Amino acid sequence: MCGIAGLWLSGQSDASGLGDAVSRMNAALHHRGPDGGDVWVDSDNGLALGQRRLAIIDLSDAGKQPMHSANGRYVMVYNGEIYNAPELREKLAAANINVAWRGHSDTEVILECIAHWGVRDTIKRLIGMFAIALWDKEAKKLTLVRDRLGIKPLYWSRYEGNIGFASEVKALLAGGAISREVNQAGLEAYLRFGYVPSGLSIYAHAKMLKPGHILEVTSHDQATETAYWSVEDAVLNGQKHAWSGDDQSAIDALEDLLRDAVQRRMVADVPLGAFLSGGIDSSTIVALMQSVSDRPVKTFSVGFEDEAFNEAAFAGEVARHLKTDHTELYVTPKDALDLVPKLSETYDEPFFDSSAIPTYLISALTRKEVTVALSGDGGDETFGGYTRYLWAKQLSAAAGSIPFGASLVSRGLTMLSPEQWDNLVGLVPGKLSTSAIGDKIHKAAPLLAIRDDLDRYHALLSLFDSDKLLGSRSSRKKFRVPGEMFCRNRNLDYVSSMQIMDTMMYMVDDVLTKVDRASMANSLEVRVPFIDHRVIEFGWRLPARLKMNGSTGKYALRQILYKYVPREMIDRPKTGFGVPLAQWLRGPLREWMGDLLANDALYQDFGLDRRQIEKLQNEHMSGKRNWGHQLWTISMLSDWQKRWLA
C-alpha cells in the first residue's frame, strides 16, 4: 500500500527539474506511505516514477519501489495489495519460468508476471486492489491500470504536452502536472451527486482513470483507454450462469467464497484488525475473520452521544458475542467538528459525504494499534441493502397506481407546508405518526411526477438541479450515469438496475473514495472483502430473492450471519454511518457555514445562484425544511475553493 506519482515530459519540456518535480509529488503523498519513498528518473526519455511506501508485505528493502523487472525491461510503481500473489508465483514455476526472486513482495510478483505473460494477461489473474504505473523501456510506453471495482484511486493528466499521474490530485498540483482551472463537467457532477465521478476530475486537465480500465500512453498525443473488466459483463455472465441449485446451497457457496475473500485479506506482516459497526456487513466480515483466527480479532468502533447516530452499543454486543479484542471510542461533537476544517485538505476534490467524519475518526483510532483493517463496505450494493432501494420500489408502485394524475397528486401533496403535514399526521396515533413526515412528503412528492423509473432514481439521488443552480453557465452536455444505458437495454428488475448503477458510480466515487482518503490520511490500509471481484460476480448469479426478499435486504448475508450472531442482535433498523448534520448546521457549525456561504468568490468563480442558496439556508435555519445535505454540499465546495483555488 502506498502512494504513486510520475511525470513523462514531452520533448519540448526542460527535464532538468524532473526529479525535483516528482519528489514534490511524492512529498504530497507522504501520508499514504510514511515508511519510505524514492524516485527513479530516466533523463533520456524525460520520465520519472515516484512512490511513497506503507510497508505491509515484505518489510525489507526487497519490497521497495520503483522496482525493476529481473530482465531489466520494466519499471513499476504500484499501490495496493494482491491477495493471490503466492499462487501466481507457483503458476510461474509450473510454467517452467524460473525467477530469481529477491523477496516475497506482491510488487515483485506482478512485475515478473508482466515480464512473462504481458500486462493484460497478468491483470486478469490478479485478485486484489491495485493502481499500477508501468514503464516499458523497450517499447517506450507508459501503462496505467486501475483495479476492477475502483478500490484504489489513480488520476492522470495531460497538460502542456506532458503526461502525469498520481494517487491523489494534490500530487499533480504539487508537480505542476495540471493547472488549477476548473472542469465545468466535474463541477456540475459534484453539484448533482456530491462527488466527482470517475472519468472526470474537478480540474480541467486531470481525470480519474475508470475502474477496470487500462490506459496505454505510447506518445504524448496518443493515449488509449480500454476496459479489461466491467460490471455489465459480470451481470451478463451472472444471468448466463444463474445459480441452478436450491437457496441453501447458494447461501453455503456464498459463505465459502466470503470466507476465502476474508482469509486472503488477513495475510500481512504487520498488525491487523477490523472496523465493526454492529451492522450486517461489518459483523459478517468480523464473524468470518474470527472463525478462521486462533486469537481474538482486534475490532474498532466509534460512538456518538446522539443515540440516533450511535452504533457503538450494537458493535459492543456483537464484539462480546464473537469474543473479539474490542476497542471503542466515544467522541463528543467537538471531536468531530474539529475535523471539519481538515476535510478539504484530506479530500482534495470537493466531497460532500459527511460520514467522512466518523470514517476519519475510526481510521485514526484503528491506526493506533494496527496498520491494516478489514471493512464491510460493498455489501449494500451487491446484496441489496440500501433502504432507498425499497423506497424507490414503493415510489414506482405509487406512481404507477396513478398513471394519469401523478403530477396533480404531486402538486397537491406540496400544497400543505411540512409543518402542516407534521401537525396533521401528529394527530394520528401509533406508527403512522412519523418524525419529520412533512419534510419527507415534500421530498417525495416531485418524484411521483417522474414517469421513468431510472429518471426517478437519479432524481432521488440528486442534490441539485445544476441547470437551475448554474443558470447560463450550465453546460448542455450532461454527465451520463455509468450503467444507465445498459440497464435500459436489458430486461432487469428495478432493484437490480439500481444496484448496477450504484456499484459503478456511488460505491466507487463516494464510498470507496471516502474510505481511501480517510484511512490513508492516517496511514492505514483498509481491505474490503465484499469488493472482491469474485464476490461481485457470484452475487450476480444469485436469484433476486436472496438479495432483497420482500422488504428485507441482504437476505443471503443475514442467513450467513445468523450462524454466528443471534438474530435479535442484527434484526433492527439500518442506522447508517452518519452524523447529525442538520442539527450541527443549525448549531455549532452555523457560523462556519454562514462564512462559507457568504464567500463572494463562490458565486463569482462558479456562477451559482446566490438567491437559491440563501433561500435554502433561510428555510433550513428556521426549521421549515431539512436542507442539510444541500447546504453541506455548497459549504464543502466553498471550503475547497478557499483551500485549493484561492
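The values are calculated or read from the model by the stated rules, or taken from the named source; none is laboratory data. This structure is a prediction, so every number in the text was calculated from the model and none was measured. Glycine gets a Cβ as well: all are built from the backbone with ideal geometry, and neighbour counts include every protein chain shown.
Can you work out which of the residues in segment 227-247 that are closer than 14 Å to HIS213 by Cα and among the acidic types (Asp, Glu) is surrounded by the most Cβ atoms within 10 Å (Cβ to Cβ)?
Checking each candidate, the answer is GLU232.
Answer yes if at least one residue in segment 559-580 is closer than 30 Å to LEU257 by Cα, outside the structural domain of ALA313 (by TED's automatic domain parsing) and of a type in the set (Ser, Thr, Tyr), and no otherwise.
There is at least one residue in segment 559-580 that is closer than 30 Å to LEU257 by Cα, outside the structural domain of ALA313 (by TED's automatic domain parsing) and of a type in the set (Ser, Thr, Tyr).
What's the number of the condition GLU255 fails, among (1) modelled with pLDDT of 95 or more; (2) surrounded by fewer than 19 Cβ atoms within 10 Å (Cβ to Cβ); (3) acidic (Asp, Glu); (4) over 23 Å from the mean Cα position of the chain (by Cα)?
Result: GLU255 fails condition (2) only.
For residues that are at pLDDT below 95 and touching a Phe, Trp or Tyr at 6+ places or on another chain (Cβ under 6 Å), tally how many sit in segment 278-312.
Number satisfying all stated conditions: 3.
Looking at segment 29-41, which of its residues are of a type in the set (D, E, K, R) and surrounded by fewer than 20 Cβ atoms within 10 Å (Cβ to Cβ)?
Once the filter is applied, which keeps residues that are of a type in the set (D, E, K, R) and surrounded by fewer than 20 Cβ atoms within 10 Å (Cβ to Cβ), segment 29-41 yields ASP35, ASP38.
Quick check, is GLU108 more than 16 Å from ALA131 (Cα to Cα), of a type in the set (D, E, K, R) and out of contact with any Gly (no Cβ under 6 Å at 6 or more places or on another chain)?
No: the conditions fail for GLU108.
If you take the residues in segment 619-646 that are part of a loop (DSSP other than H, G, I, E, B) and among the charged types (D, E, K, R), which one is surrounded by the fewest Cβ atoms within 10 Å (Cβ to Cβ)?
Filtering segment 619-646 for residues that are part of a loop (DSSP other than H, G, I, E, B) and among the charged types (D, E, K, R), the one surrounded by the fewest Cβ atoms within 10 Å (Cβ to Cβ) comes out as LYS624.
Would you be able to tell me the number of residues in segment 477-495 that are crowded, with 21+ Cβ neighbours inside 10 Å and either in a helix (DSSP H, G or I) or in contact with a Lys or Arg (Cβ under 7 Å, 6 or more places away or on another chain) (or both)?
Looking only at that region, the number is 1.
Only one of (1) modelled with pLDDT of 80 or more; (2) more than 24 Å from LEU557 (Cβ to Cβ); (3) aliphatic (A, V, I, L, M) fails for LEU374. Which number is that?
Of the numbered conditions (1) modelled with pLDDT of 80 or more; (2) more than 24 Å from LEU557 (Cβ to Cβ); (3) aliphatic (A, V, I, L, M), the odd one out for LEU374 is (2).
Among the numbered criteria (1) in contact with a Phe, Trp or Tyr (Cβ under 8 Å, 6 or more places away or on another chain); (2) in a helix (DSSP H, G or I), which single criterion is violated by ALA373?
(2) is the only condition that ALA373 fails.
What's the number of the condition GLY550 fails, among (1) farther than 29 Å from LEU200 by Cβ; (2) among the small types (Gly, Ala, Ser); (3) free of Cβ contacts under 8 Å to residues at least 60 places away in the same chain; (4) in contact with a helix residue (DSSP H, G or I) (Cβ under 6 Å, 6 or more places away or on another chain)?
Unmet condition: (4).
Which residue, of LEU92, LEU126, is under 22 Å from ARG534 (Cβ atoms) and more than 28 Å from the chain's Cα centre (by Cα)?
One residue alone meets the criteria, LEU92.
Which pairs do you get when a residue that is under 23 Å from GLY303 (Cα atoms), found in segment 579-604, comes within reach of a residue that is outside any helix (DSSP H, G or I), reach meaning Cβ atoms under 6 angstrom, with the pair 6+ apart or on two chains?
Close Cβ pairs satisfying both conditions: VAL579/SER354; PRO580/ASP306; LEU581/SER354; ALA582/ASN626.
Kindly indicate whether ALA189 is in contact with a Leu (Cβ under 7 Å, 6 or more places away or on another chain), buried (at least 21 other Cβ atoms within 10 Å of the Cβ) and in a loop (DSSP other than H, G, I, E, B).
no
Where in segment 496-600 are there helices (runs of 4 or more DSSP H), lying fully within it, with 3 or more residues that are over 26 Å from the mean Cα position of the chain (by Cα)?
Result: 567-570, 590-597.
Within segment 1-28, how many residues turn out to be out of contact with any strand residue (DSSP E or B) (no Cβ under 7 Å at 6 or more places or on another chain) and buried (at least 20 other Cβ atoms within 10 Å of the Cβ)?
Number of matching residues: 1.
With segment 209-318 as the region, which strands (runs of 3 or more DSSP E) entirely inside it contain at least 3 residues that are in contact (Cβ under 8 Å) with a residue 40 or more places away in the chain and more than 30 Å from TRP156 (Cα to Cα)?
272-275, 298-304
If I filter segment 465-474 for residues that are buried (at least 22 other Cβ atoms within 10 Å of the Cβ) and either over 17 Å from the mean Cα position of the chain (by Cα) or not assigned by TED's automatic domain parsing to the domain that holds THR371 (or both), do I get at least one hit?
Within segment 465-474 (the criterion being buried (at least 22 other Cβ atoms within 10 Å of the Cβ) and either over 17 Å from the mean Cα position of the chain (by Cα) or not assigned by TED's automatic domain parsing to the domain that holds THR371 (or both)), the answer is yes, since at least one residue qualifies.
PHE383 is checked against (1) over 30 Å from GLY594 (Cβ atoms); (2) modelled with pLDDT under 85; (3) out of contact with any Pro (no Cβ under 7 Å at 6 or more places or on another chain) and fails just one. What number does that condition carry?
(2)
Quick check on segment 123-172: of everything there that is assigned to a loop (DSSP other than H, G, I, E, B) and among the charged types (D, E, K, R), which residue is farthest from SER23 (Cα to Cα)?
My answer is ARG148.
Name the residue, out of GLY273, GLY245, that is of a type outside the set (Val, Ile, Thr) and more than 27 Å from the chain's Cα centre (by Cα).
It is GLY245.
Inspect all residues belonging to segment 16-29 and state whether any of them is of a type in the set (Gly, Ala, Ser) and over 25 Å from GLY161 (Cα atoms).
no
Quick one: which of VAL286, VAL318, VAL292 is farther than 30 Å from MET636 by Cα, of a type in the set (A, V, I, L, M, F, W, C) and surrounded by fewer than 17 Cβ atoms within 10 Å (Cβ to Cβ)?
After applying the criteria, what remains is VAL292.
For GLY72, are the conditions met, namely being more than 25 Å from the chain's Cα centre (by Cα) and either part of a strand (DSSP E or B) or of a type in the set (Gly, Ala, Ser) (or both)?
Answer is yes for this residue.
Could you tell me how many of the residues in segment 86-111 are surrounded by fewer than 23 Cβ atoms within 10 Å (Cβ to Cβ), part of a helix (DSSP H, G or I) and not basic (Lys, Arg)?
7
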